[in-house]
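Before any comments, here is the structure.
The values are calculated or read from the model by the stated rules, or taken from the named source; none is laboratory data. Since the structure is predicted, the reported quantities are computational estimates derived from the model, not experimental observations. FYI the Cβ positions are ideal-geometry reconstructions off the backbone, even for glycines, and counts take in every protein chain you see. Side chains included, ligands, DNA and RNA excluded: accessible areas come from the protein's heavy atoms. Shrake-Rupley method; radii C 1.70, N 1.55, O 1.52, S 1.80 Å.
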Amino acid sequence: APGYIDLLDKTADLLKKMVVKARAGSKTVISGLPGSSVFSSVITVPALSGKELQAVIETQAGKLIPIPIDEVILDWKPVTGVAQVKNQPKQAAEQSKTKTMQVILTAAAKAMVKKYIDIFKKAELKLASLETESFALIRSLVGRDKSIIAILDVGAVRTNVIIVENVVPVLARSIALGGMNFTKNISAMLAMVLRSAEQFKRDT
């Protein structure tokens, strides 16, 4: 069955009703992209800048992303600055140190992003930006804490697992397993209707 992202008119109408019910004072919104639909990875690249850095990142992205690079919107930002990486001991006397930097690479399919833009346009809302769920969760739950933190976001049909270090999602995975799976298992094991199984799950 199609999801909300594929039912543009229905989803736009639902958003309009939500805005009215919430008595929102602004029409400007920021939307989150689901982790299951976004590629994200921390990569190490030479410490370059400008077009040289862009070319290296696009080359790396082309090797990692499972769909053609011209079909995605690519974004990246440095996460640790510049680091000195020493060569092997035997080569150290002959070669100089190599400067590298880490960047967090994020890619989303252009077709999916267009659907989001169209939905918010139909809902008469101004879409200021799109961000991944992982960054939204880090901002709201972690803040500026630089510790190594695990975030487990259990939804109805999927679970996001995010490992955060120094306020950066060094690992983000989406698993097709959520609360509904637990409800169905309880229903089957205890011979309950789904509504009763859901309440039993919440109570325990």
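Inside region 19-47, can you point out the residues that are farther than 20 Å from Ala107 by Cβ and either free of Cβ contacts under 8 Å to residues at least 24 places away in the same chain or open to solvent by 80 Å² or more (accessible area, probe 1.4 Å) (or both)?
Val20, Lys21, Ala22, Arg23, Ala24, Gly25, Ser26, Lys27 - these are the residues of region 19-47 that are farther than 20 Å from Ala107 by Cβ and either free of Cβ contacts under 8 Å to residues at least 24 places away in the same chain or open to solvent by 80 Å² or more (accessible area, probe 1.4 Å) (or both).
Taking region 150-188 as the search range and keeping residues that are over 19 Å from the mean Cα position of the chain (by Cα) and polar (S, T, N, Q), which one is least open to solvent (accessible area, probe 1.4 Å)? Steps first, please.
If we filter region 150-188 for residues that are over 19 Å from the mean Cα position of the chain (by Cα), which is where we start, we get 179-188.
If we keep only those that are polar (S, T, N, Q) too, we end up with 181, 183, 185, 187.
Details: Asn181: 59, Thr183: 3, Asn185: 90, Ser187: 22 Å².
Among residues in region 150-188 that are over 19 Å from the mean Cα position of the chain (by Cα) and polar (S, T, N, Q), the one least open to solvent (accessible area, probe 1.4 Å) is Thr183.
Spot the failing condition for Lys201; the list is (1) in a strand (DSSP E or B); (2) open to solvent by less than 60 Å² (accessible area, probe 1.4 Å), and only one is missed.
With (1) in a strand (DSSP E or B); (2) open to solvent by less than 60 Å² (accessible area, probe 1.4 Å) applied to Lys201, the lone miss is (1).
Looking only at region 55-64, decide whether some residue is modelled with pLDDT under 95, hydroxyl-bearing (Ser, Thr, Tyr) and closer than 29 Å to Arg158 by Cα.
No, every residue in region 55-64 fails to be modelled with pLDDT under 95, hydroxyl-bearing (Ser, Thr, Tyr) and closer than 29 Å to Arg158 by Cα.
Go through region 1-18 and report how many residues are among the small types (Gly, Ala, Ser) and open to solvent by 70 Å² or more (accessible area, probe 1.4 Å).
1
Among (1) at pLDDT 90 or above; (2) surrounded by 11 or more Cβ atoms within 10 Å (Cβ to Cβ), there is one condition Ala83 misses while meeting the rest; what is its number?
Exception for Ala83: condition (1).
Yes/no per residue for (1) at pLDDT 95 or above; (2) acidic (Asp, Glu); (3) within 19 Å of Gly32 (Cα to Cα):
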{"position": "Ser147", "(1), (2), (3)": "no, no, no"}
{"position": "Ile151", "(1), (2), (3)": "yes, no, yes"}
{"position": "Val157", "(1), (2), (3)": "no, no, yes"}
{"position": "Val167", "(1), (2), (3)": "no, no, yes"}
{"position": "Val170", "(1), (2), (3)": "no, no, yes"}
{"position": "Arg173", "(1), (2), (3)": "no, no, yes"}
{"position": "Ala191", "(1), (2), (3)": "no, no, no"}
{"position": "Leu194", "(1), (2), (3)": "no, no, no"}
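Tell me which residues, restricted to region 158-170, are farther than 26 Å from Lys201 by Cβ and either without any contact (Cβ under 8 Å) to a residue 24 or more places away in the chain or outside any strand (DSSP E or B) (or both).
Across region 158-170, the qualifying residues are Ile163, Glu165, Asn166, Val167.
Could you please give the count of residues in region 116-132 that are open to solvent by less than 80 Å² (accessible area, probe 1.4 Å), of a type outside the set (Asp, Glu) and assigned to a strand (DSSP E or B)?
The qualifying residues number 5.
Could you please let me know if Ala188 is touching a residue at least 12 places away in the same chain (Cβ under 8 Å) and more than 30 Å from Thr28 (Cβ to Cβ)? Outline the logic, then answer.
On the way: touching a residue at least 12 places away in the same chain (Cβ under 8 Å): no; more than 30 Å from Thr28 (Cβ to Cβ): yes.
Taking the combined requirement at face value, the residue does not satisfy it.
Which numbered condition trips up Asp75, out of (1) in contact with a strand residue (DSSP E or B) (Cβ under 9 Å, 6 or more places away or on another chain); (2) modelled with pLDDT of 90 or more; (3) more than 22 Å from Val168 (Cα to Cα)?
Exception for Asp75: condition (3).
Is it the case that region 133-149 has a residue that's surrounded by 13 or more Cβ atoms within 10 Å (Cβ to Cβ), under 30 Å from Lys17 (Cα atoms), without any contact (Cβ under 8 Å) to a residue 40 or more places away in the chain and among the acidic types (Asp, Glu)?
No, that holds for no residue.
Would you pick out the residues in region 34-54 that are at positive phi and modelled with pLDDT of 90 or more?
Applying the first criterion (at positive phi) to region 34-54 yields 50.
Within region 34-54, none qualify.
Restricting to region 48-79, give me the number of residues that are part of a loop (DSSP other than H, G, I, E, B) and surrounded by 13 or more Cβ atoms within 10 Å (Cβ to Cβ).
Qualifying residue count for the region: 2.
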